[in-house]
Amino acid sequence: MKRLFPGTTGPLQAGIVRPDRRIERLRQAFVESRAVCVMSVEEGRSFGAERGRGSSCGVCLLDQTHGEGARPTYAQWRRHVHDAMAASDMAWFAVLDPAASRDLPGLLWTIEEEPMVWPLLTGGVPREVAVRGPLFVRLEPNGELAQWFLDGAGEHALGLVCAVERGGEGGLFRHFRRLLAWEHPDAGPCLLRCFDPRVLHALCRFHDAQWALCVPGPAAMLFAWEPGLAEPVFLCGKAGCESEHHAGGALPQDIIAYLAGHNL
């Protein structure tokens, strides 16, 4: 298992970069393609309140806007994500869930000879446990790992894929590592599986918009496909923005109850 960056024991300092107009052009392309409907936070809250379905928190699922007939197919979503990767020179990563496939994580080393993979469970966690937890994986546009993810995410909840400005890779790693670690009020340390598309989809339906809005962090774009409901999720973050959550903080009871009910 490689270190996050050769010659270091931890993630690089997050780079703060100027906003890039390319990000906005890519966002607009997704809106025009109707693969997703991107809204501001204020628009999302207003939209959700009017329909009594909670805030859409910066991303509006298609059945809330255009109706069933406008929902993209997985093939369309796959093509849109592929094109976004090809059109951007940002750094791309996946957060993979080894529980989604019995062949993970070993499969990654058969797809690429030397994949860049780092476990997000750190801090004294045994290696054999860490590699069975969420994995932070570098993707190259048109690379074999990227193709594998896009080919399989339609049937399996493999995880999510996101883009960050170059120089912000370490900040993205830190963000996800902090975002995952919580304390359950009854059971002790727990993992918020926001890298699971089913959980991420549920967070986009939750009445408190901040739960979904905090997931992308410094990622300019975050994509996921919920295979059970066949629905896409698209969230946007901001360069330099990392989770303010202190790892090990108490997970609120309302989000615990909501996620348990949503995923029954």
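When all alpha carbon pairs of region 157-210 are counted in 10 Å bins from zero, the resulting P(r) reads 20, 44, 32, 4, 0 %. Taken over region 89-192, the ratio of Cα radius of gyration to 2.2 N^0.38 Å equals 1.09.
Its Cα centre serving as origin, region 125-264 has a Cβ charge dipole (Lys and Arg +1, Asp and Glu -1) of approximately 260 debye.
What length, rounded to one decimal in nm, is gained on full extension from Ile255 through to Arg127, with 0.36 nm per residue of separation minus their alpha-carbon distance?
Values: separation 128, 0.36 × 128 = 46.08 nm, distance 2.97 nm.
Answer, rounded to one decimal: 43.1 nm.
Based on the reciprocal of the average 1/r between different C-alpha atoms, the Kirkwood radius for region 121-264 equals 15.9 Å.
Computed from the coordinates by the stated procedures, all read-outs in this text should not be read as laboratory data. Because the structure is predicted, anything quoted here is derived from the model rather than measured. Backbone-built Cβ (ideal geometry, glycine too); neighbour counts: all protein chains shown.
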